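Here's the structure, in structure tokens; my notes come after.
The values are calculated or read from the model by the stated rules, or taken from the named source; none is laboratory data. Bear in mind that the values here come from a model prediction, so they are computed numbers and not experimental data. Methodologically, a virtual Cβ is constructed for each residue, glycine included, from the backbone with ideal geometry; neighbour enumeration extends over all protein chains shown. Side chains are part of the model used for accessible areas, which takes the heavy atoms of the whole protein and leaves out ligands, DNA and RNA. Shrake-Rupley method; radii C 1.70, N 1.55, O 1.52, S 1.80 Å.
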Amino acid sequence: MRLAFPDESFDAVTSNYVYHNITGHDHRELLLETLRVLKKGGCFAIHDLMRRSHYGEFETSRQQLLDMGFERVEVIDTTNGMLMSRREASILWLGDSGLLVGRK
């Protein structure tokens, strides 16, 4: 829940299917903590299950990040054949898989 690094320590931050495994915590708070250590101008890529139950309405979360000064915040559907097919995603229980990307 709290990374042991000062604010703006890293040029890039990534996560691949980690957040959904952290139960009992607000995933938006986890995301904000992750982005806290990102330097101005740095990029982020968070690949996870982008469920409303975890992150709320995406447009609201996206707007919050934009209001905080982040740029080009978007979620890319990774079940459309780019990384896996919808069928593969369904078999693996990854139907809500998405890649959240942007720049600080």
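Some observations on this one:
- In the range 76-98, residue nearest to Asp48 (Cα to Cα) [restricted to those that are open to solvent by less than 40 Å² (accessible area, probe 1.4 Å) and aliphatic (A, V, I, L, M)]: Leu94
- Cβ-Cβ under 8 Å pairs, at least 6 apart or on other chains, the range 1-30 side closer than 20 Å to Val101 by Cβ and of a type in the set (D, E, K, R), far side in a loop (DSSP other than H, G, I, E, B) and open to solvent by 90 Å² or more (accessible area, probe 1.4 Å): Glu29/Met1
- The set of residues in the range 48-104 being within 19 Å of Arg28 (Cβ to Cβ) and of a type in the set (S, T, N, Q) consists of Ser53, Thr60, Ser61, Gln63, Gln64, Ser97.
- For first residues located in the range 67-86 and farther than 15 Å from Leu99 by Cα, partners that are of a type in the set (Phe, Trp, Tyr) and modelled with pLDDT of 90 or more and lie 6+ apart or on another chain with Cβ distances below 7 Å do not occur.
- Summed over the range 19-40, the residues that are surrounded by 17 or more Cβ atoms within 10 Å (Cβ to Cβ) and of a type in the set (Ser, Thr, Tyr) give a count of 2.
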